[in-house]
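What follows draws every value from the coordinates through simple rules; no lab data is involved. None of these values were measured; they are calculated from a predicted model. Don't worry about glycine lacking a Cβ; one is built from the backbone with ideal geometry, like all the others, and counts go over all protein chains shown.
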Amino acid sequence: MAEEKLTDKAYATEIPHLEDVKNYVGKELGLSEWHTITQEQINDFGKTTDDNQWIHVNPELAAKHSPYKKPIAHGFLILSLASKFCFETFKILDISMGLNYGLDKVRFTNAAPVDSLIRARVSLLTAEDVPGGLRYKMMLVFELKNQEKPACVAEFIAQAYANSNK
């Protein structure tokens, strides 16, 4: 898929019918708003996952020993934003249920220091019929403001079922 960036302004794609999703394979679906990575968010993620490494949760040690001179977000904290960014950028209007089906490929390519601004550029890679619905794969590029390399690139798999009442 071409890495052509269509816009730098946040937008979302609304698709009226599930069967129309296939028409968007190979296209960008949307660009989320910027999201600030806060120390509180990093700390909460560390407590929840029991991952309290100093590089994430100790600003004093990070200032002294980290090449970033401040704490960085856990890689999986960035990845945990995938559902939020997909919801902001891509809507199928006639579905009755959607599922996060998992991940295919994930690459963490850059650190996200505390107070970083991050957003996701979402594109549709594949779409295939399943009984009663559609399984599709999206590529999410988690961009960091003022950084050339993204924080993460992931292939996110979802499944949606048609609303038979409409």
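The angle between the Cα long axis of helix 39-49 and the longest principal axis of the Cα atoms of the chain comes to about 70 degrees, rounded to the nearest 10.
Counting beta carbons within 10 Å around each of Glu14, Glu19, Glu88 and listing the fewest first gives the order Glu14, Glu19, Glu88. Taking label positions 7 Å along the Cα-Cβ direction at both Ile157 and Leu93, the computed distance is 3.0 nm, reported to one decimal.
When the range 1-142 is described by a simple charge dipole with +1 on each Lys and Arg Cβ and -1 on each Asp and Glu Cβ, the residue from Leu125, Met97, Pro113 located farthest towards its positive end is Pro113. Placing R0 at 30 angstrom, the Cβ-Cβ distance between Lys64 and Glu40 gives a FRET efficiency of 0.90 after rounding to 0.05. If you plug the beta carbon distance of Lys149 and Asp104 into 1/(1 + (r/R0)^6) with R0 = 22 Å, you get a FRET efficiency near 0.60.
Mean residue ellipticity at 222 nm, helices only, the chain: -5500 deg cm²/dmol; runs of at least 4 DSSP H residues each add -39,500 (n - 2.57), and the sum is divided by the number of residues. What net charge do the residues around Glu60 carry, taking every other residue with its C-beta under 13 Å from that of Glu60, with Lys and Arg at +1 and Asp and Glu at -1? So the surrounding residues net to +3. Assuming charge only on the beta carbon of Lys and Arg (+1) and of Asp and Glu (-1), the dipole of the chain about its Cα centre is about 280 debye to the nearest 20.
Legend: calculated FRET efficiency, Tyr11 to Asp129, from the Cβ-Cβ distance at R0 = 25 Å, rounded to 0.05, equals 0.35.
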